[in-house]
Amino acid sequence: MAAVKEQKRVFSGIQPSGVLHIGNYLGAIKQFVKLQYTHNAIFCVVDEHAITVPQKPQELRRNTLNTAMLYLASGIDPKEAIIFVQSQVPAHTELAWILNTITPLGELERMTQFKDKVQSQAKEAGVFAGLLNYPTLMAADILLYRTDAVPIGDDQKQHIELARSLAERFNNHFGNTFSMPEPLIEEDTARIMSLQDPTKKMSKSDDNTKSYIHLLDTPDDIRLKIKSAVTDSGKEIVYDRKKRPAISNLISIYRGYTKMTFKEIEDQYKEKTYADFKNDLAEVIIGELAPLQKRFQELSADKTGFEHILRDGARRAKSIADTTLQDVKQKMGFFI
Ligand code: TYM
């Protein structure tokens, strides 16, 4: 029997800035799939966020469609959740502009993701204002849908705090308009680290392709990447993020895919070697990704049906977003 949905709204987004990896899946998408049955759910491909660093048009278009296809292939059902592409709903950038006028500059400059990206971008293409204003656009995404909860990985927490403080500032100033969004974080898999350097998070923009497992990687690629994942000195398969960050990261991935507890995993591998554990981990990932990859191939073969889903999603998202934006503009004194 279908679960009865709460009226609570869930919203989240993923940037189409490269390949989606198992960190995106375990930190975010896995939660999306679960929440769609219990909440009023909206999931967005945030292409306007992706352009805060330079993108090649053809790649952006391809990555946008692939990201949306991966939502569906992972089990997000357009009958349960709205799926759409951000740039198809102009209210996002319009509300972002409005929110920019109440966002303290210092808060944007303090964002850790901004500081990290400034360092990498300064060396490459230069730093543009969009990168600084990125969190305000993210706040607009969330607040437009009067969102109650935002499923995310650990790295987005600070951005949700800004969205909350902007909601509060706006509500205090212009009257109650926005809900107060709560972050939803699955602690054990909220921060999957690079397979090559367990002090860095697994990232789409990492130049070293061995540092992440792409959701569409072949079984051979997955075996190779897990085999060459760095491990700590010592040989026990024990979860201890501080003392054994590399094996702990692999154990978190194992846990994310099998749902076994850390203790059950440790017990199962008590007498085993790192090599045994890595072999099994690779097979677990391959087995879990197989149905997703099959569904992705099927969706790729029916582009028309798929594009229809995105256009319908945008139409539904727009009707909710436009209502909030009208309310905001009316409260602020715009001529409407
Ligand atoms: P993005 O595209 O970098 O990542 C998408 C989601 O995946 C999570 N994630 C991870 N989780 C665990 N381990 C990792 N290594 C890992 N890497 C990424 C992210 O936390 C995120 O939940 N700013 C957002 C996109 C965004 C958004 C929004 C999110 C724009 N508007 C509104 C929620 C609500 C971002 O760059 O995510």
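The values are calculated or read from the model by the stated rules, or taken from the named source; none is laboratory data. None of the values given here were measured: they were computed from a predicted structure. As a convention, Cβ positions derive from the backbone with ideal geometry for all residues, glycine included, and neighbour counts pool all protein chains shown. Side chains are part of the model used for accessible areas, which takes the heavy atoms of the whole protein and leaves out ligands, DNA and RNA. Shrake-Rupley method; radii C 1.70, N 1.55, O 1.52, S 1.80 Å.
Within segment 79-128, if we keep just the residues that are among the hydroxyl-bearing types (Ser, Thr, Tyr) and touching a helix residue (DSSP H, G or I) at 6+ places or on another chain (Cβ under 9 Å), the residue that is nearest to Lys5 (Cα to Cα) turns out to be Ser87. In segment 183-196, the qualifying residues are those that are more than 9 Å from the ligand (Cβ to nearest atom) and over 15 Å from the mean Cα position of the chain (by Cα), and the one that is modelled with the lowest pLDDT is Asp188.
Checked against the criterion of being surrounded by fewer than 21 Cβ atoms within 10 Å (Cβ to Cβ) and within 30 Å of Gln293 (Cα to Cα), segment 163-174 has no qualifying residue. Checking Gly13, Gly75 one by one, the residue that is in the same structural domain as Leu144 (by TED's automatic domain parsing), within 12 Å of the ligand (Cβ to nearest atom) and not aromatic (Phe, Trp, Tyr) is Gly13 and no other.
Determine whether segment 278-285 contains at least one residue that is free of Cβ contacts under 8 Å to residues at least 60 places away in the same chain, touching a Phe, Trp or Tyr at 6+ places or on another chain (Cβ under 7 Å) and under 27 Å from Ala73 (Cα atoms). Yes, because at least one residue in segment 278-285 is free of Cβ contacts under 8 Å to residues at least 60 places away in the same chain, touching a Phe, Trp or Tyr at 6+ places or on another chain (Cβ under 7 Å) and under 27 Å from Ala73 (Cα atoms).
Look through Asp197, Asp220, Asp207 and report the one residue that is in a loop (DSSP other than H, G, I, E, B), farther than 18 Å from Ile29 by Cβ and without any contact (Cβ under 8 Å) to a residue 24 or more places away in the chain.
Checking each option against the conditions leaves just Asp207.
Looking across segment 134-170, the residues that are more than 10 Å from the ligand (Cβ to nearest atom) and not in a helix (DSSP H, G or I) come down to Arg146, Asp148, Ala149. Return the residues of segment 41-84 that are open to solvent by 50 Å² or more (accessible area, probe 1.4 Å) and under 19 Å from Ala140 (Cβ atoms); say none if nothing qualifies. Scanning segment 41-84 gives a single hit, Ile51. Restricted to helices (runs of 4 or more DSSP H) entirely inside segment 235-336, those with at least 3 residues that are of a type in the set (Gly, Ala, Ser) and surrounded by 15 or more Cβ atoms within 10 Å (Cβ to Cβ) are 245-258, 303-332. For segment 16-40, the set of residues classified as more than 13 Å from the ligand (Cβ to nearest atom), open to solvent by 10 Å² or more (accessible area, probe 1.4 Å) and not basic (Lys, Arg) consists of Val33, Tyr37, Thr38, His39, Asn40, listed by residue number.
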